[in-house]
1. Cβ-Cβ distance below 7 Å, separation of 6 or more or different chains: which pairs start in region 177-202 with a residue that is closer than 15 Å to Thr245 by Cβ and in contact (Cβ under 8 Å) with a residue 24 or more places away in the chain and end on one that is among the basic types (Lys, Arg) and part of a strand (DSSP E or B)?
2. Out of curiosity, is Leu124 farther than 30 Å from Asn168 by Cα and either in the same structural domain as Ile182 (by TED's automatic domain parsing) or surrounded by 10 or more Cβ atoms within 10 Å (Cβ to Cβ) (or both)?
3. Would you be able to say whether some residue in region 28-45 is among the acidic types (Asp, Glu) and more than 11 Å from Met71 (Cα to Cα)?
4. Would you confirm whether any residue within region 121-137 is modelled with pLDDT under 90, under 20 Å from the mean Cα position of the chain (by Cα) and closer than 18 Å to Asn247 by Cβ?
5. Which ones in region 234-280 are surrounded by fewer than 20 Cβ atoms within 10 Å (Cβ to Cβ), under 21 Å from Lys101 (Cα atoms) and polar (S, T, N, Q)?
6. Within region 191-206, identify whether any single residue is over 19 Å from Ile252 (Cβ atoms), β-branched (Val, Ile, Thr) and touching a helix residue (DSSP H, G or I) at 6+ places or on another chain (Cβ under 8 Å), and answer yes or no.
7. Checking the structure you have, find out if any residue of region 176-188 is touching a helix residue (DSSP H, G or I) at 6+ places or on another chain (Cβ under 7 Å) and more than 22 Å from Phe313 (Cα to Cα).
8. Within region 222-233, does at least one residue satisfy the condition of being touching a strand residue (DSSP E or B) at 6+ places or on another chain (Cβ under 9 Å), part of a loop (DSSP other than H, G, I, E, B) and buried (at least 22 other Cβ atoms within 10 Å of the Cβ)?
Amino acid sequence: MELKITCIPGDGIGPEIVAEAKKVLDAVAAKYGHVIHYTDILMGGASIDAHGVPLTQEAVEAAKAADAVLMGSIGGDASTSPWYRLPPNLRPEAGLLAIRKELNLFANLRPAVLYDELVEACPLKAEIAAAGFDMMIMRELTGGLYFGERRTTEENGVRTAVDTLVYNEDEIRRIAVKGFEIARKRRGKVISVDKANVLDSSRLWRQVVEEVAKDYPEVTLQHMLVDNCAMQLVKDPAQFDVILTENMFGDILSDEASMVTGSIGMLASASLNDTKFGLYEPSHGSAPDIAGRDLANPIATVLSAAMMLRYSFDLDAEADAVEQAVKQVLKEGYRTSDIMSDGCRQVGCRQMGDLLAERI
């Protein structure tokens, strides 16, 4: 199979971690008989330095021409970088917002997995952490409260702010379909999170999700109110498989889920459109303080590449091989500095990439 992948190394540690992810992908291609065509583009600070803008139209077209996009990290130190003395629409993060819009990336996937070897990093009680967890938070990314009409007015000296939460059934249906499709590749369970006891938008959300569920009889559906879900994430995270929810709820719950893993350097993510196309990136930032020092943890980017194999290319066996390589390297006691613990062997970014590629 031929895979056309556009890579955005980006800023800070981005070029380092993307290089190691490509190393692992090349090992996958060699083992399973695939051919990968890479195209690198600039975005964020790197694009500002080269072109004066965080994203060029040429870069957008290169991304659209690919089957998927693999990204490192965007941005720098806001207190010292000259990028952050520019107008907001010319700063690095504006490039990320622009490419999401250009590529119509409405579905955000953020897995939260607690690896046995990293259980001591989990902030939950030992008996809860011992059960482990492996969940996928499916967040609608382009609608809801963040994109509704907003205004601030003043009348008789009293300021009033209004934000509007709007969803139509088509927006809900397309994210629900993605959620059920992902669940079918996992353990076949969707928990749809809403606030249907209060909000009309959530009542519509629940109705449409139930309609979509009829097309997936092999997947079980459960509804959960968002406040209860927030509590259950710290009480019994093992119960979750796919959490399907709207934009603001997903924003909050995905951050909560990421923290209970205890290690942000291990967290992958993906943003998908209504085809197989997706943009895959680690959840962490650009870490400019360690850039170029061979200290970055590439595992989140490697796991993002595994998500790409699974969701954009339907190469489940290859994705499994990457995820198993990560587990094996951790089991053997290799750690980058951010996840280092007593009795383990510390390695740098490049060596971690080598170890992962060797175990494919």
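1. Ala183/Lys189
2. Judged against the criteria, Leu124 is a match.
3. So the first thing to find is which residues in region 28-45 are among the acidic types (Asp, Glu), and the list is 40.
Subsequent filtering for residues that are more than 11 Å from Met71 (Cα to Cα) retains none.
Scanning region 28-45 turns up no residue that is among the acidic types (Asp, Glu) and more than 11 Å from Met71 (Cα to Cα).
4. Checked against the condition, which is being modelled with pLDDT under 90, under 20 Å from the mean Cα position of the chain (by Cα) and closer than 18 Å to Asn247 by Cβ, region 121-137 yields no hits at all.
5. Matches in region 234-280: Asn273, Thr275.
6. No; the residues of region 191-206 include none that is over 19 Å from Ile252 (Cβ atoms), β-branched (Val, Ile, Thr) and touching a helix residue (DSSP H, G or I) at 6+ places or on another chain (Cβ under 8 Å).
7. No - not one qualifying residue is present in region 176-188.
8. No, every residue in region 222-233 fails to be touching a strand residue (DSSP E or B) at 6+ places or on another chain (Cβ under 9 Å), part of a loop (DSSP other than H, G, I, E, B) and buried (at least 22 other Cβ atoms within 10 Å of the Cβ).
The values are calculated or read from the model by the stated rules, or taken from the named source; none is laboratory data. No experiment lies behind these values; they were computed from the predicted model shown. Heads up, the Cβs are rebuilt from the backbone with ideal geometry, glycines too, and the neighbour counts pull from every protein chain shown.
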